[in-house]
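A.B. asks: Starting off with a structure, shown below.
The values are calculated or read from the model by the stated rules, or taken from the named source; none is laboratory data. Quick caveat, the model's predicted, so the values are computed rather than measured. Cβ sites come from the backbone with ideal geometry, for glycine too, and all protein chains shown count toward neighbours. Only protein heavy atoms, including side chains, enter the accessible area calculation; ligands, DNA and RNA are left aside. Shrake-Rupley method; radii C 1.70, N 1.55, O 1.52, S 1.80 Å.
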Amino acid sequence: MGVLKNYKFSIILLAGVLVGGIAGTILGERSSVLQPFADVFLNLVFCIIVPLVFVSIASSIASMTNLKKLGKILGIFFMVIVVTGLITAVLALISGLIFNPALNSHVTFGEAVQADNNSLDLVRLFTVSDFVELLSLKNMMALIVFAILFGISVSSIGEIGEPVVKLLNSLSAVLNKIVSIIMYYAPVGIACYFATLIGKVGNQVVWSVARASIIYSVFCILFFILFSILASYYGGGTTGLKRFWKNIWLPLTTAMGTCSSTACIPVNRLAAKDMGIPDEISDIIIPLGASVHKNGVVSVQMIKIVFLFGILNITMGPTDMVTAIIVALISGIIVGTIPSGGFIGEMFICTAFGFPMEAVPILVIMGTITDPFCTMVNVTGDTAISMVIARIIEGKNWVKNKIGNLTQA
């Protein structure tokens, strides 16, 4: 019953897709009368994105008070995030190109894709020339950079910045509440969107989403097994490998049952302790990893990008692939850690490539279907890289020193 309760919203959202699909099939082009109801939902979501991104990132960084003391651990942690994220993105890209999640399904949206938006301009991607431009969805990465700088600045001034930290935390709570209120309307908005979409293009997109979701779910299972074996063996040798697989199941099942990386922090820390990972490492990496180390998100974003290129009938060139890897890696850091919290990532995909915003609900549905597998990869990856970091910080014999006589386990 607890798992069913955790999946309640996802079930309702998927029911909205089903109802919308049936309505669109029956009504055909007449389903366009439902478009305003879909637009209300999309507009509400788009309006909350900019303040939500800034406040959530700035408040998280501003609350960190021991960055100097923890500099070595954090430095290694972020290096691991980049390396493992890049590997994950490349593997997901290769999988998407081989198995083609779109499978010849093509969708035409009202807003054309601008070909020149696909070029990789790092200066324009990370910076803007005017503060006002930060408030545009078209400059999401520049907003993130500014939020990081703002958070670091607040944290570095100590006691003087505490009122700002409290303000940011309060604003974060308010914005999260707004999102939760908007999500009450999500099943209606999604149902109306799919009704108008299927009424316009037919039901081929539904089968394409299902195919892409299956491809991604299989990828997650294989990735979880391979990554966990390699990381735990490198981090702790044979003993680390055994202890990882002995203790990972509670975080794994909790991840799939809650679809929330944040909700798994308590059980993941408990698993890390049972694995023998030093507290000074796991107490930092597990909570921080829940927010910014999400290889499940990296891989699903890559599959979504390949999927959109397919249904929009656009050839994915080398420059697009490089951009896709960067977008997927950054998405693994910026997207939310609660169920159905990936709106920021979907927006980032569309703005980075110039895809029409009408594609966002399709990506949301795909994310909802694959969320259990995505969260599983996110959560289990945190304990795995904790073992890797423990070896780098404590030395290759950290398991023997920490566990001692448990090496026979």
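A.B. asks: For segment 87-102, which residues satisfy the criterion of being open to solvent by 30 Å² or more (accessible area, probe 1.4 Å) and part of a helix (DSSP H, G or I)?
C.D. replies: Ile87, Val90, Leu91, Ile94, Leu97, Ile98, Phe99
A.B. asks: Mind checking which residues of segment 125-182 are under 20 Å from the mean Cα position of the chain (by Cα) and among the basic types (Lys, Arg)?
C.D. replies: Within segment 125-182, Lys138, Lys177 qualify.
A.B. asks: What number of residues in segment 22-58 are surrounded by fewer than 19 Cβ atoms within 10 Å (Cβ to Cβ), farther than 30 Å from Gly161 by Cα and at pLDDT 80 or above?
C.D. replies: 16
A.B. asks: Assess whether Lys304 counts as being open to solvent by less than 10 Å² (accessible area, probe 1.4 Å) and either among the basic types (Lys, Arg) or under 23 Å from Ile73 (Cβ atoms) (or both).
C.D. replies: Yes; evaluated as a whole, the condition is true for this residue.
A.B. asks: Inspect all residues belonging to segment 269-284 and state whether any of them is under 28 Å from Gly16 (Cα atoms) and basic (Lys, Arg).
C.D. replies: No, because not a single residue in segment 269-284 is under 28 Å from Gly16 (Cα atoms) and basic (Lys, Arg).
A.B. asks: Continuing with the same structure: Tell me yes or no: at least one residue of segment 214-222 is aliphatic (A, V, I, L, M), loosely packed, with under 14 Cβ neighbours inside 10 Å and over 18 Å from Gly96 (Cβ atoms).
C.D. replies: So far as segment 214-222 goes, no, none of its residues is aliphatic (A, V, I, L, M), loosely packed, with under 14 Cβ neighbours inside 10 Å and over 18 Å from Gly96 (Cβ atoms).
A.B. asks: Hey, another quick one. I'm trying to understand the selection: among the residues of segment 397-409, which are modelled with pLDDT of 75 or more and either surrounded by 13 or more Cβ atoms within 10 Å (Cβ to Cβ) or within 21 Å of Leu74 (Cβ to Cβ) (or both)?
C.D. replies: Trp398, Val399, listed by residue number.
A.B. asks: Taking only pairs six or more apart or across chains, which ones have beta-carbon atoms under 6 Å, a first residue in segment 35-54 that is farther than 15 Å from Ile178 by Cβ and in contact (Cβ under 8 Å) with a residue 40 or more places away in the chain, and a second residue that is open to solvent by less than 30 Å² (accessible area, probe 1.4 Å) and not β-branched (Val, Ile, Thr)?
C.D. replies: Qualifying pairs under 6 Å: Phe37/Cys192; Ala38/Gly189; Ala38/Cys192; Ala38/Tyr193.
A.B. asks: Ok, one more. Looking at Gly235, Gly240, which is the one that is surrounded by 21 or more Cβ atoms within 10 Å (Cβ to Cβ) and touching a Lys or Arg at 6+ places or on another chain (Cβ under 6 Å)?
C.D. replies: Result of the check over Gly235, Gly240: Gly235.
A.B. asks: Identify all residues within segment 254-291 that are under 20 Å from Ile392 (Cα atoms) and either free of Cβ contacts under 8 Å to residues at least 60 places away in the same chain or open to solvent by 20 Å² or more (accessible area, probe 1.4 Å) (or both); write none if there are none.
C.D. replies: Arg269, Lys273, Asp274, Asp279, Glu280, Asp283, Ile284, Pro287, Leu288
A.B. asks: Out of Leu125, Leu103, Leu97, Leu93, which single residue is within 26 Å of Thr315 (Cβ to Cβ) and modelled with pLDDT under 70?
C.D. replies: Leu125 is the lone residue from the list that is within 26 Å of Thr315 (Cβ to Cβ) and modelled with pLDDT under 70.
A.B. asks: Name the residue, out of Leu250, Leu197, that is buried (at least 22 other Cβ atoms within 10 Å of the Cβ) and either assigned to a helix (DSSP H, G or I) or touching a residue at least 24 places away in the same chain (Cβ under 8 Å) (or both).
C.D. replies: When all the criteria are applied, what remains is Leu197.
A.B. asks: Tally the residues that are within 14 Å of Ala384 (Cα to Cα) and assigned to a helix (DSSP H, G or I), restricting the search to segment 270-282.
C.D. replies: 8
A.B. asks: Open to solvent by less than 20 Å² (accessible area, probe 1.4 Å), aliphatic (A, V, I, L, M), in contact with a helix residue (DSSP H, G or I) (Cβ under 6 Å, 6 or more places away or on another chain) and at pLDDT 85 or above: does that describe Ile385?
C.D. replies: It is true that Ile385 is open to solvent by less than 20 Å² (accessible area, probe 1.4 Å), aliphatic (A, V, I, L, M), in contact with a helix residue (DSSP H, G or I) (Cβ under 6 Å, 6 or more places away or on another chain) and at pLDDT 85 or above.
A.B. asks: Restricting to segment 65-82, name every residue that is modelled with pLDDT under 85 and either open to solvent by 50 Å² or more (accessible area, probe 1.4 Å) or under 18 Å from the mean Cα position of the chain (by Cα) (or both).
C.D. replies: Thr65, Asn66, Leu67, Lys68, Lys69, Lys72
A.B. asks: Can you run down the residue pairs with Cβ atoms below 7 Å, 6 or more apart or on separate chains, where the first is in segment 152-168 and at negative phi and the partner is not in a helix (DSSP H, G or I) and not aliphatic (A, V, I, L, M)?
C.D. replies: Ser155/Thr65; Val165/Ser63
A.B. asks: When you check Met321 against the structure, is it open to solvent by 30 Å² or more (accessible area, probe 1.4 Å), part of a helix (DSSP H, G or I) and within 15 Å of Val377 (Cα to Cα), yes or no?
C.D. replies: no
A.B. asks: Scanning segment 7-21 for residues that are within 9 Å of Phe194 (Cβ to Cβ) and open to solvent by less than 60 Å² (accessible area, probe 1.4 Å), which turns out modelled with the lowest pLDDT?
C.D. replies: Looking at the filtered set, the residue picked out is Val17.
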